[in-house]
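A quick write-up on the structure given underneath.
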Amino acid sequence: MTQAPKNLQTIETHILALQSMHPSASGDFTGLLSDITFAAKIISREVNKAGLVDILGAAGGENVQGEVIQKLDDYGNNVFMKCLGTRNQVCIMGSEEMADPVFIEPSSGTGNYIVVFDPLDGSSNIDANVSVGTIFGIWKRKSRRDKVGMDDLLQAGCEQVAAGYIIYGSSTMFVYTAGHGAHGFTLDPSIGEFLLSHENITTPFLGDIYSVNEAYEPSWEPAVKEVVRQMKYGTGTESSRTDEATEGAGKTSRYIGSLVADFHRNLLYGGVYLYPPTKGKPEGKLRLMCEAAPLAMIAEAAGGYASDGRQNIMDIVPTHLHMRVPLYIGSRGDVMLVEKIIADAKTGL
Ligand code: AHM
Ligand code: MG
């Protein structure tokens, strides 16, 4: 018997189906996600033109029309600022590119949501045509509309109502979760729509990949050195390492140096991304609110896990918008092993 073809689903129809599960929903959340989708399409278009900048005029210079060309991360930031909350559904916006959060004056809308984003992570890779990404987390305000303050912004990752990322790679993909699985959509540029391509992403419990900048090894604490040693050699020794990444015998290494790209690959194939503390960066490099917590929510929705080495990233309450954390994220079993090695090192086991 011929199977009926699956319906094509755009990201908008997917979000609307989600909304229909909540009959009392105002549509604000749906509108917000669709604003983010719109911003993603604009940034994608611009990222795809990045290689032409040298021909049309370098960033910071002027293009042929005499307009000043912005750096792409500034451009992405401006796009997000312009596209978000057009229906007055946002009360606070926080960006990696802006020192302070932006509080939006109450007007006609509900202002129910707080959005924190990194408009273009890994942008130092752009000139080499390496994949970059946008990351966002969405929280709901706790205070009355006219009393919104820092407490509404500084919420733990577990309070997020949705999170996602967009990867600008060989194709542009939008991956999001609103608590019911992690779903991926691929942009069809010819029709300008994100189409459902990866429904209910699940990441393997253990992966074959570890991703870390090993050049920092001299400035890692001993527990982190042990973590990476075990990633490489498994429970065996240096001499037992084979070329194959077989179970229990060590993983293979992949590090692009572009968080969204490293995370996305590991999510699909299984693996762990590590950005441990170093002597120079004792808190780690990555930001809790616009990088670690949103990706942690996606990881959990896909069956994975994220930790700062001691606790669940999702449980950490930020002290400020740009708070940094060590990050170990990906396959659940691998991240749990990282926590165990670090805990054992502390107790001297
Ligand atoms: P950015 O937010 O300034 O772009 O920095 C974040 C990036 C991540 O995409 C990437 O994983 C990491 O920094 C790489 O750092 P390093 O060069 O220290 O390995
Ligand atoms: Mg970043």
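The values are calculated or read from the model by the stated rules, or taken from the named source; none is laboratory data. All values derive from a computational prediction rather than experimental measurement. Counting neighbours? That spans all protein chains shown, and the Cβs are built from the backbone with ideal geometry, glycine included. What goes into the accessible areas is simple: the full protein's heavy atoms, side chains included, and nothing from ligands, DNA or RNA. Shrake-Rupley method; radii C 1.70, N 1.55, O 1.52, S 1.80 Å.
Stokes-Einstein D for segment 110-237 at 4 °C, 1.567 mPa s, Kirkwood Rh over Cα pairs, in µm²/s? Please report the intermediate quantities before stating the final value.
Values: Rh = 18.2 Å.
In µm²/s, the coefficient is 71.
Remark: segment 148-161, residue by residue, has Karplus-estimated 3J(HN,Hα) of 4, x, 4, 4, 6, 6, 8, 10, 5, x, 5, 8, 5, 9 Hz, where x stands for each Gly or Pro and the curve is 6.51 cos²θ - 1.76 cosθ + 1.60 at θ = phi - 60°. Between GLU12 and ASN48, the C-beta separation translates, for a Förster distance of 30 Å, into a calculated FRET efficiency of about 0.85.
Exposure check, 1.4 Å probe, all protein chains in place: THR319 carries approximately 100 Å² of accessible surface.
For segment 71-82, putting each phi into the Karplus relation 6.51 cos²θ - 1.76 cosθ + 1.60 with θ = phi - 60° gives couplings of 4, 5, 6, 5, 4, x, 5, 5, 4, 4, 4, 7 Hz, in residue order, rounded to whole numbers and with x for Gly and Pro.
Accessible area per residue (1.4 Å probe, heavy atoms of protein chains only) ranks GLU339, GLU105, GLU193, GLU283 as GLU105, GLU283, GLU193, GLU339, with the largest value leading.
Neighbours of GLN19 by Cβ distance under 12 Å: Lys/Arg scored +1, Asp/Glu scored -1, total -2.
With both labels modelled 7 Å from their Cα along Cα-to-Cβ, the ASN213 to ASP127 distance reads 1.7 nm.
Against the empirical curve 2.2 N^0.38 Å, the C-alpha radius of gyration of segment 11-198 lands at a ratio of 1.06. On a 0 to 90° scale, report how tilted helix 222-233 is relative to the longest principal axis of the chain, with both axes built from alpha carbons and the result rounded to the nearest 10. Once rounded, the angle reads 80 degrees.
So if I place +1 on the C-beta of Lys and Arg and -1 on the C-beta of Asp and Glu, and nothing else carries charge, what would the dipole magnitude of the chain be about its Cα centre? I want it in debye, nearest 20.
My answer is approximately 540 debye.
When the Cα positions of HIS264, TYR233, CYS290 are compared along the charge dipole of segment 209-347, CYS290 comes out farthest toward the positive end, with charges on each C-beta of Lys, Arg, Asp and Glu.
Taken over segment 294-349, the alpha-carbon convex hull comes to 74 cubic angstrom per residue. In the chain, the longest principal axis of the Cα atoms and the axis of helix 11-20 are about 80 degrees apart. Amide H contacts of THR172: LEU187, each under 5 Å away and 5 or more positions distant or on a separate chain (H built 1.01 Å from N in the peptide plane; Pro and chain starts excluded).
The modelled label-to-label distance for the pair THR186/HIS320, using points 7 Å beyond Cα in the direction of Cβ, is 4.3 nm.
When segment 63-176 is described by a simple charge dipole with +1 on each Lys and Arg Cβ and -1 on each Asp and Glu Cβ, the residue from PHE136, GLY85, PHE174 located farthest towards its positive end is GLY85.
Were the residues from SER26 through ARG229 laid out at 0.36 nm apart, the gain over their Cα-Cα distance would be 68.0 nm.
From the Cα gyration tensor of segment 150-217, with a ≥ b ≥ c the square roots of its eigenvalues, which class applies: rounded if a/c is under 1.5, or else prolate if a/b is larger than b/c, or else oblate?
Details: a/c = 1.64, a/b = 1.10, b/c = 1.49.
Judged from the Cα gyration tensor, segment 150-217 comes out oblate (a/c at least 1.5, b/c at or above a/b).
Under the convention that each Lys and Arg Cβ holds +1 and each Asp and Glu Cβ holds -1, the size of the dipole of segment 11-198 around its Cα centre is about 640 debye. On the principal axes of its alpha-carbon atoms, the chain has extents of 64, 61, 50 Å, going from largest to smallest.
How much accessible area per residue does the chain have, counting only protein heavy atoms and a probe of 1.4 Å, in square angstrom? Don't skip to the end; give the middle numbers.
On the way: 16250 Å² over 349 residues.
Accessible surface, normalised per residue, equals 47 Å².
Please arrange ILE256, ILE191 by accessible surface area, largest first, computed with a 1.4 Å probe and ligands excluded. Could the numbers behind the result be given before it?
Numbers: ILE256 75, ILE191 100 Å².
These residues rank, largest area first, as ILE191, ILE256.
Taken one residue at a time, the phi angles of segment 338-347 give Karplus couplings (6.51, -1.76, 1.60, θ = phi - 60°) of 4, 4, 5, 4, 5, 5, 4, 5, 5, 8 Hz. Gly and Pro are set to x. Under a 5 Å amide H cut-off, with hydrogens placed 1.01 Å from N, TRP220 pairs with nothing among residues at least 5 apart or on other chains.
Computed from point charges on the beta carbon alone (+1 for Lys and Arg, -1 for Asp and Glu), the dipole magnitude for segment 209-347 about its Cα centre is near 260 Debye. The candidates GLU97, GLU291, arranged from most to least accessible area with a 1.4 Å probe in the full protein assembly, appear as GLU97, GLU291. Relative to the compact-globule estimate of 2.2 N^0.38 Å, the Cα radius of gyration of segment 209-347 comes out at 0.99.
Using the structure shown, select from LYS225/LYS340; LYS82/LYS147; LYS49/LYS71; LYS41/LYS82 the pairs with a Cα to Cα distance greater than 19 angstrom.
Violating the 19 Å Cα-Cα cut-off are LYS82/LYS147.
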